[in-house]
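The values are calculated or read from the model by the stated rules, or taken from the named source; none is laboratory data. Not measured: the values here are computed from a predicted model. In this analysis, Cβ positions are derived from the backbone assuming ideal geometry, glycine residues included, and neighbour counts consider all displayed protein chains.
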Amino acid sequence: KGTLLLLPNFQFVRVDEQRFVNRGFLHLRHTWKSAGAAAPEVFFQLQFDEQVRIQQRELAGAGLRFRLLDDGQSRAFLGAAYIFEYNEIRDTALIYRDHRLSSYLSFRWQPAEPLALSGTVYFQPLLKDPGDFRLSSQLSLLLHISSRLDFKVSFALVQDSRLKRDAPGVPAATYSLQNGLRWTF
């Protein structure tokens with residue numbers, strides 16, 4: 001027993017013959033139900049991102065998720081996991097096979113019924129060189145408009161120290177701001 005999470009996200013924007021956005025990922029995570037504060041979890045991810053020249057990224061990991069807070073209005077979790085990661089960088093001969101620590105803090109806070117704030121911050125250093133790290137964060141604000149309709153604003157930030165160093169022309173940090181409506185049926 002537990003929770004199975006599947007997150008597909010694919011984005012493509014093209015005007016005439018020019019591609020402005022071509023990225024995607026597929027994340028699968030299983031967290032086992034636990035009576036205690038710690039629960040084991042495993043995850044897999046596939047990713048590509050033309051903008052930051054990730055031709056292919058595959059990763060698999062396993063670790064523990066710790067419940068820090070769960071009081072009905074607020075929830076917070078801390079996770080720590082080992083991941084193995086395979087990366088191919090587009091337009092280069094670079095291929096990485098890395099062992100990383102993946103640590104994260106995840107929270108959800110609902111101060112009032114129509115409003116909810118949630119976010120996750122990941123810190124993923126190389127095990128052999130902690131100064132070589134990836135930092136990513138996503139923050140979302142959800143406003144309940146009706147029993148079936150929500151308005152959502154999300155901000156995401158990713159910084160990858162290795163891509164900046166090894167792939168000239170790749171930005172040190174990328175970010176996105178998205179908003180939309182969510183219909184529940």
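Every residue, every condition in (1) under 15 Å from the mean Cα position of the chain (by Cα); (2) of a type in the set (Lys, Arg); (3) outside any strand (DSSP E or B), yes or no:
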| position | (1), (2), (3) |
| --- | --- |
| PHE84 | no, no, no |
| LEU117 | no, no, no |
| PHE123 | yes, no, no |
| SER154 | yes, no, no |
| LEU163 | no, no, yes |
Practice item. Count, please, the residues in the range 8-45 that happen to be surrounded by 11 or more Cβ atoms within 10 Å (Cβ to Cβ) and either at pLDDT 95 or above or under 23 Å from LEU78 (Cβ atoms) (or both). Key: 18
Exercise for review: Select, from ASP98, ASP91, the only residue that is acidic (Asp, Glu) and not in a strand (DSSP E or B).
Suggested key: ASP91
Practice item. State all residues of the range 135-185 that are under 27 Å from GLU113 (Cα atoms) and among the β-branched types (Val, Ile, Thr); if no residue qualifies, say none. Key: ILE145, VAL153, THR184
Review point. Restricting the search to the range 127-151, which residues are surrounded by fewer than 15 Cβ atoms within 10 Å (Cβ to Cβ) and in a strand (DSSP E or B)?
Key: LEU143, LEU149, PHE151
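Residues are listed down the side, and each one gets a yes or a no for (1) hydrophobic (A, V, I, L, M, F, W, C); (2) within 17 Å of TYR86 (Cβ to Cβ); (3) part of a strand (DSSP E or B):
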{"position": "LEU7", "(1), (2), (3)": "yes, no, yes"}
{"position": "ARG14", "(1), (2), (3)": "no, no, yes"}
{"position": "PHE20", "(1), (2), (3)": "yes, no, yes"}
{"position": "HIS30", "(1), (2), (3)": "no, no, yes"}
{"position": "LEU46", "(1), (2), (3)": "yes, yes, yes"}
**Study point:** Some residue of the range 173-180 being in contact (Cβ under 8 Å) with a residue 60 or more places away in the chain, assigned to a strand (DSSP E or B) and of a type in the set (Val, Ile, Thr)
**Key:** yes
Exercise for review: Could you tell me which numbered condition ALA81 fails, if it satisfies all but one of (1) of a type in the set (Gly, Ala, Ser); (2) under 20 Å from LEU126 (Cα atoms); (3) exposed (fewer than 14 other Cβ atoms within 10 Å of the Cβ)?
Suggested key: (3)
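Going by what's in this entry, would SER146 be described as more than 20 Å from the chain's Cα centre (by Cα) and farther than 27 Å from ARG53 by Cα? Reasoning before the result, please.
Numbers: more than 20 Å from the chain's Cα centre (by Cα): yes; farther than 27 Å from ARG53 by Cα: yes.
In short, yes.
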Review point. Within the set of pairs 6 or more residues apart or between chains, which connect a residue that is touching a residue at least 60 places away in the same chain (Cβ under 8 Å) inside the range 75-100 to a residue that is basic (Lys, Arg) and surrounded by 13 or more Cβ atoms within 10 Å (Cβ to Cβ) with Cβ atoms less than 6 Å apart?
Key: ILE89/ARG53
**Study point:** Residue among PHE84, PHE77 that alone is in contact with a strand residue (DSSP E or B) (Cβ under 9 Å, 6 or more places away or on another chain) and over 22 Å from GLY24 (Cβ atoms)
**Key:** PHE77
